[in-house]
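First comes the structure, then the notes that go with it.
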Amino acid sequence: MTYSRPDEAGRFGQFGGAFAPETLMPALEELEAAFEDAWGDPEFHAELNDLRTRYVGRPTPTYHAKRLSDQLGLDLWLKREDLAHTGAHKINNTIGQGLLTKRMGKRRVIAETGAGQHGVATATACALLGLDCVVFMGEKDIERQALNVYRMKLLGAEVVSVSDGAGTLKDAVSAALRDWVATVEDTHYIIGSVVGPHPFPWIVREFQKVIGEELAADLDGAAGKPSPDVIVAPVGGGSNAMGVFYPFAGVEGVSLVGVEAAGFGIETGKHGASLGHGSPGVLHGSMTYMLQDEWGQVLEAHSISAGLDYPGVGPEHSYFKDAGLVDYVSVSDDEAVEAFHLLSETEGIIPALESSHGLAWIVREQAQLAGKTVVLNLSGRGDKDVQQIAGVDG
Amino acid sequence: MFAESREAGRGVLLPFLTAGLPDPVASVELFKTMADAGADGFEIGIPYADPLMDGPVIMAAGHRAIAQGITLPDALGVAAAVRETTQTPVLAMTYVNPVLRSGVREFFAQAAERGINGVIIPDLPIDEAAPFSAAAAEEGVGMVAFAAPTTTDERLDAVLETEPAFVYAIAEVGVTGERDAASENIHALAARIRARSDVPVVFGVGISTPEQAAAASRHGDGVIVGTAVVRRVMESSTTVQAADALRMFVSELRSAIDG
């Protein structure tokens with residue numbers, strides 16, 4: 001990309017900014033200053049890189065899925081974020097923000113979670129760094145992600161059930177922000193995606209872009225290795241996608257495809273396709289594409305995947321969409337479940353339902369992708385979804 | 001409003017109530033009851049489903065109003081009727097997204113047309129407020145700016161530079177809701193604002209009892225009492241019951257403030 005940070009107002013083009021209560025604004029300014037200071041400090045990078053290597057298990061491999069490649073008639077590679085510690089890319093951000101929390105001298109951390117992956121990754125970072133941890137989670141998500149709820153408790157975190165709204169990710173973010181308004185003086189909010197008021201979208205992208213940087217170094221087109229023609233990633237809030245897209249955005253010869261949740265089908269109105277079928281507005285502190293009614297009330301999203309069940313998206317994705325840097329498409333619950341089975345049976349890898357959305361688009365578009373080198377960001381493993389899929393399959 | 005109250009040495013009492021409860025017609029009656037009991041003006045909440053600055057009581061009131069079909073134009077209609085019926089100043093409180101959805105200019109034009117005196121947007125910090133303030137000024141509607149106990153001196157200077165209709169001074173670090181103890185921040189925050197400006201200062205957030213209202217209004221120009229008002233309406237099963245509860249509560253607030 002030709003830019004690194006958002007502009008002075010925290011904007012990517014017209015998107016982003018900080019629409020937050022005055023009570024929080026000083027903490028957002030403090031966070032921006034703390035991040036700038038840390039990000040320019042070689043010691044911070046040394047500590048982060050050491051944890052990435054020895055604790056998280058980075059770099060994650062890029063795996064050539066040969067059997068599935070043959071079946072689909074294309075060259076499919078998987079960026080194995082499912083192999084990172086705790087089973088998803090979320091740990092990249094929570095380790096980074098956990099170190100920042102300590103640098104700011106705060107002792108308590110709050111977080112929201114949808115699928116539970118960010119909650120687990122935050123609880124993990126807090127256990128590692130000796131921080132108190134409270135995770136807000138919608139009651140519907142607590143039900144469909146019971147395994148991750150128990151993992152968070154094992155890691156010493158307190159899980160708060162949120163019954164507002166539909167009891168999903170949007171409501172958990174709102175509850176975490178309300179808690180933060182009251183506790184901001186001693187608490188840091190480790191937001192889980194490239195969403196929220198400035199500087200969060202920028203900070204989370206910086207911590208996640210390691211995914212794309214590793215991919216570029218691994219599949220560099222040299223010594224018999226291909227380079228990517230198409231990079232595909234699922235988009236809920238959009239942190240795994242931002243992490244893999246950012247280093248490739250605007251690079252000639254690489255197309256980027258973000259896959260949103262079509263849920264029961266776009267025409268039913270029960271979906272999570274904020275970029276594909278939403279409109280610009282302010283959700284959770286930033287200007288971005290979102291699902292809203294004619295009067296600006298936020299609409300409930302729907303997806304079988306708790307991580308994609310969100311009526312907004314990171315503001316930098318909104319910028320990428322309008323700038324034509326990424327194509328945003330969507331696949332339905334049913335297509336995602338089929339892809340979940342396909343990868344499990346063909347490659348021995350059980351993918352997260354979020355990641356299954358990315359694969360489902362590749363399966364659907366296999367004819368136009370024939371012969372191309374396609375990289376799927378396998379953002380997380382599917383252990384957390386096994387019980388839910390067992391229920392779907394009956 | 002503030003010139004007269006300063007002249008008289010009297011704190012301004014601004015109750016907050018969500019528009020449209022229990023229904024649009026009875027809603028106006030409840031505001032009338034509070035005006036008769038001594039309210040000087042009102043903050044009228046436009047129902048929003050995802051209110052980041054509000055605690056559970058005001059959030060539930062918004063959800064109930066939305067479930068009853070109260071839309072933005074309905075809420076502005078209630079505000080206009082309250083203005084006409086009570087002949088007191090009326091402030092509309094909304095989150096930022098409905099304003100953007102209406103169009104900033106269009107929203108303030110609508111507000112002006114309905115006689116609304118000022119607009120309060122709790123998720124619009126001064127950093128993002130310029131286009132809103134410009135539209136408000138053109139339409140002759142006041143903009144309210146916030147100062148919190150966490151606001152730095154640098155930010156406080158910038159808040160006051162926007163020349164707001166008044167400063168909404170946040171008494172408690174947290175979302176709206178009732179508190180048992182009196183705020184410990186009011187004195188310090190009031191002193192910091194007064195050292196810089198003569199702008200009217202109204203305290204809100206966590207002011208829920210007559211004693212707290214009286215204490216806070218002594219440090220500024222007045223108080224906004226929200227959750228304690230909304231809760232009385234939410235707990236009432238009839239409009240008559242709600243009106244009785246509000247008449248008694250607002251009278252108590254009035255006497256305490258007038259001391």
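Structure above, values below:
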quantity	calculated
Mean separation of Cα contacts under 8 Å (6+ apart) over length of chain A, as relative contact order %	20 percent
Highest to lowest packing among B:75-83, A:299-307, A:319-327, A:365-373, scored as the average C-beta count within 10 Å	A:299-307, B:75-83, A:319-327, A:365-373
Beta bridges per DSSP with both ends in region A:251-329, % antiparallel, nearest 5	70 percent
Number of partner chain Cβ atoms within 10 Å, mean per residue of A:300-313	0
Unit charges on C-beta of K, R, D, E only; dipole of the protein assembly as shown, Debye	800 debye
Value of relative contact order over chain B, rounded to a whole percent, pairs C-alpha under 8 Å and six or more apart	23 percent
Surface share of carbon and sulfur [accessible, 1.4 angstrom probe, percent] for region B:2-254	51 percent
For residue A:117, net neighbour charge (Lys/Arg +1, Asp/Glu -1) across residues whose Cβ lies under 14 Å away	-3
Residue A:133 accessible area, 1.4 Å probe, all protein chains in place, Å² to nearest 10	10 Å²
Whole-Hz ³J(HN,Hα) from phi, Karplus 6.51 cos²θ - 1.76 cosθ + 1.60, for region A:254-264, glycine and proline x	10, 9, 10, 10, x, 10, 8, 8, 8, x, 6
Modelled label reach - residue B:130, point 7 Å along Cα→Cβ, region B:153-181 residues with backbone N closer than 19 Å	B:155-164
Amide proton proximity set for residue A:198, modelled H, under 5 Å, gap of 5+	A:17, A:18, A:19
Surrounding net charge for residue B:196, when Lys and Arg each add one and Asp and Glu each subtract one, Cβ distance under 14 Å	-3
Among A:105-115, B:208-218, the order from most to least packed when residues are scored by Cβ within 10 Å on average	A:105-115, B:208-218
Charge context of residue A:60, other residues only, Cβ under 9 angstrom, K/R +1, D/E -1	0
R0 of 56 Å, Cβ-Cβ distance residue A:264-residue B:36: FRET efficiency to nearest 0.05	0.60
Heavy-atom surface of the protein assembly as shown, accessible at 1.4 Å and reported per residue (Å²)	35 Å²
Antiparallel %, DSSP beta bridges [both residues in the protein assembly as shown], to 5	20 percent
Centroid-to-centroid separation of region A:254-273 and region A:1-63 [C-alpha atoms, Å]	28 Å
Stretchable slack from residue A:4 to residue A:218, in nm (0.36 nm times residue separation minus alpha-carbon distance)	74.8 nm
All lysines inside 24 Å of residue A:106 as judged from Cα atoms, apart from same-chain residues fewer than 8 positions distant	A:90, A:153
Label-point separation in nm, residue A:341 to residue A:185, each point 7 Å along Cα→Cβ	5.7 nm
Alpha-carbon centroid distance for the pair region B:192-259 / region A:71-91, whole angstrom	57 Å
Whole-percent carbon and sulfur share, accessible surface of chain A, 1.4 Å	50 percent
Antiparallel bridge percentage (DSSP; both residues within region A:206-295; nearest 5)	55 percent
Percentage relative contact order, region A:104-254, counting C-alpha pairs under 8 Å, at least six apart	21 percent
Size of charge dipole - region B:2-254 - debye, nearest 20, with Cβ of Lys, Arg +1 and Asp, Glu -1, no other charges	380 debye
Prolate/oblate/rounded label for region A:90-234 (Cα gyration tensor, a/c 1.5)	prolate
Within 10 Å of each Cβ in A:22-32, the average number of Cβ atoms from other chains	6
Rg and Dmax [Cα atoms of region B:2-254; Å; Rg one decimal, Dmax integer]	16.7, 48
Overall form of region B:140-190 per C-alpha gyration tensor (a/c, 1.5; a/b vs b/c)	oblate
10 Å Cβ neighbours from other chains, averaged over peptide A:179-185	5
Kirkwood-based shape ratio for the protein assembly as shown, expressed as Rg/Rh from alpha carbons	1.01
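The values are calculated or read from the model by the stated rules, or taken from the named source; none is laboratory data. Please read all numbers here as calculations on a predicted model, not as lab measurements. Heads up, the Cβs are rebuilt from the backbone with ideal geometry, glycines too, and the neighbour counts pull from every protein chain shown. Note: accessible area is taken over every heavy atom of the protein model, side chains too, but ligands, DNA and RNA are not part of it. Shrake-Rupley method; radii C 1.70, N 1.55, O 1.52, S 1.80 Å.
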